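Take a look at the structure set out below.
The values are calculated or read from the model by the stated rules, or taken from the named source; none is laboratory data. These numbers were taken from a predicted model, which means no experiment stands behind them. Methodologically, a virtual Cβ is constructed for each residue, glycine included, from the backbone with ideal geometry; neighbour enumeration extends over all protein chains shown. SASA here: full protein model, heavy atoms, side chains in, ligands and nucleic acids out. Shrake-Rupley method; radii C 1.70, N 1.55, O 1.52, S 1.80 Å.
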Amino acid sequence: MRFFLFKFLLILSGCTCFASLFHTVKKNETLSLIASKYGVSTSALQAYNNISNPNLLFVGKKLKIPDKGIKEIPYTVQKGDSLGGIASRFGVKLSDIANLNNISRPDLIKVGQKIKVPLKSGTYRKASLLPSSTLSALSSIRPTYGKWKKIILHHSATPVDDALNMHRVHKARGMKNGLAYHFVISNGSRKAYDGEIYIGPRWKSQLDGGHVKKLSLNKTSIGICLIGNFELRAPTAKQLNALEGLCEYLMARCRIEKSQITTHKIIHPGHTACPGKFMSLPAILKRLDP
Ligand SMILES: [Zn+2]
């Protein structure tokens, strides 16, 4: 009944938009999950609702669902955006956005400016699952060329923890570079939000990891640790999303093959259960682009 009344009000108010479909975010729902539910792309959904950080999607938020046949989407220029950056995020050509919006000087776009992003099916690339703040922090770090060959996944084996605490603990254990992993993905316990990616000092300085026993593997393997004990329960949906986004970023940036993503227990069988039986490597690999 309320829905009909709402539609009626829309007609009364003279709205001619097609977004008659709304979705209210429920617990454990991610943007990509909602996007796939309605058969639209994550980037279209994100842009349509002007969401800058997909990890900060809160329960109860009302999302407009774009029409499947949509050809262009409105986008409001955010702080730190460039037209080239927007174009690559949506997998379209900079010149196409410039032409559609009559922009002659792409360097002169302003924060808050409303533009349209043309969408061509076929030239569509999957949008990154990482928030723009994480993407820009990552892009400011240049990986040492040819150094990284593998990604090894770990869990913290503790239900509640945070990266800074782990850094202190690892230092106290005698590791002079502190935090043994390059990245930590939070489960929302302590100060970080669920799915937050902490970029460790070892990644910032391109140092060897300290996350596996073999020295030669520490030299060439990126260590990612998800907080939680996955012998007891599964990682959160937001952690898995962040992991997917981070692995895809690292695979592309460091030219790491999907077959080189592995877990601690595969590297060191019989010695550790890390990252736990509820973290499924095949399920993670299935989510990644080939
Ligand atoms: Zn481990």
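When a 1.4 Å probe is rolled over the protein heavy atoms, the share of accessible surface on the range 19-119 that falls to carbon and sulfur comes to 53 percent.
Dipole check for the chain: with +1 at the C-beta of Lys and Arg, -1 at the C-beta of Asp and Glu, and the Cα centre as origin, the magnitude is about 280 Debye.
With the whole protein complex present, Arg105 retains an accessible surface near 130 Å², based on a 1.4 Å probe. Counted over the chain, the DSSP beta bridges are approximately 50% antiparallel. The figure for Glu196 is an accessible area of roughly 60 square angstrom, using a 1.4 Å probe on the protein chains alone. Here the sum of -39500 (n - 2.57) over DSSP H runs of 4 or more residues, divided by the residues of the chain, equals -9000 deg cm²/dmol at 222 nm, to the nearest 500. For a straight C-alpha distance cut-off of 14 angstrom, the aspartates and glutamates reachable from Lys114 (same-chain residues fewer than eight places away being disregarded) are Glu72, Asp81.
In this structure the chain gives 55 Å² per residue of accessible area when probed at 1.4 Å with all protein chains present.
Separation of the alpha carbons by more than 23 angstrom is noted, of Lys214/Lys265; Lys37/Lys238; Lys171/Lys277; Lys149/Lys238, for Lys171/Lys277; Lys149/Lys238. For the range 185-290, with all protein chains in place and a probe radius of 1.4 Å, 56% of the accessible heavy-atom surface sits on carbon or sulfur.
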